[in-house]
Amino acid sequence: SDGSIRLHQMTSEYPLMQWNDSTNGLPIIALQWALTRPAVFFVLDASSNIYIWDLLENDLLPVAKEAVPSENVATMAVLGEPEKTNGLLGIALAKEAGQIDIQYVKKKWALP
């Protein structure tokens with residue numbers, strides 16, 4: 001609810017990493033790992049901003065932030081086929097009015 005993200009290892013109750021205020025204090029609606037690149041995850045905040053984290057590129061801050069214009073996004077899901085190395089990775093955005101948008105991610109964040 002405060003925009004904090006914690007990365008845990010299954011064998012420990014303490015986080016390996018913690019990013020406080022990662023969304024400038026906005027609640028996080030959804031967080032999804034990339035299906036094709038294990039070091040990348042996506043965060044959706046309550047103001048319909050998507051943050052892209054690539055822990056191999058920068059483990060302190062997101063590498064990109066994208067605002068979804070015009071309408072609030074209720075949730076998101078990451079699309080891709082981990083067994084294929086074609087670099088196709090997408091995000092399905094479900095908007096509050098019932099529309100679904102699919103956006104493709106740059107190959108640099110999708111390739112294994």
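Quick notes on this structure:
- Enumeration of residues in segment 33-68 that are farther than 16 Å from residue 111 by Cα, in a loop (DSSP other than H, G, I, E, B) and small (Gly, Ala, Ser): 46, 47, 48
- Tally, over segment 14-28, of residues that are part of a loop (DSSP other than H, G, I, E, B) and under 11 Å from residue 60 (Cβ atoms): 1
- Once segment 7-26 is narrowed to residues that are of a type outside the set (A, V, I, L, M, F, W, C) and surrounded by 12 or more Cβ atoms within 10 Å (Cβ to Cβ), the residue that is farthest from residue 103 (Cα to Cα) is 15.
- Whichever residue in segment 81-91 is more than 15 Å from residue 43 (Cβ to Cβ) and within 16 Å of the chain's Cα centre (by Cα) and, among such residues, is most open to solvent (accessible area, probe 1.4 Å): 88
- Some residue of segment 63-70 being in contact (Cβ under 8 Å) with a residue 60 or more places away in the chain, of a type outside the set (Val, Ile, Thr) and over 22 Å from residue 1 (Cα atoms): no
- Positions within segment 27-80 being on the phi > 0 side of the Ramachandran plot and open to solvent by less than 10 Å² (accessible area, probe 1.4 Å), in sequence order: 48
- Residue 111 open to solvent by less than 80 Å² (accessible area, probe 1.4 Å), part of a strand (DSSP E or B), closer than 13 Å to residue 34 by Cα and touching a Gly at 6+ places or on another chain (Cβ under 7 Å): no
- Residue, farthest from residue 31 (Cα to Cα), within segment 85-100, restricted to residues that are part of a strand (DSSP E or B) and free of Cβ contacts under 8 Å to residues at least 24 places away in the same chain: 100
The values are calculated or read from the model by the stated rules, or taken from the named source; none is laboratory data. Values in this document were obtained by computation on a predicted structure and should not be read as measured data. Backbone-built Cβ (ideal geometry, glycine too); neighbour counts: all protein chains shown. Please note that ligands, DNA and RNA were not included when accessible areas were found on the heavy atoms of the full protein model with its side chains. Shrake-Rupley method; radii C 1.70, N 1.55, O 1.52, S 1.80 Å.
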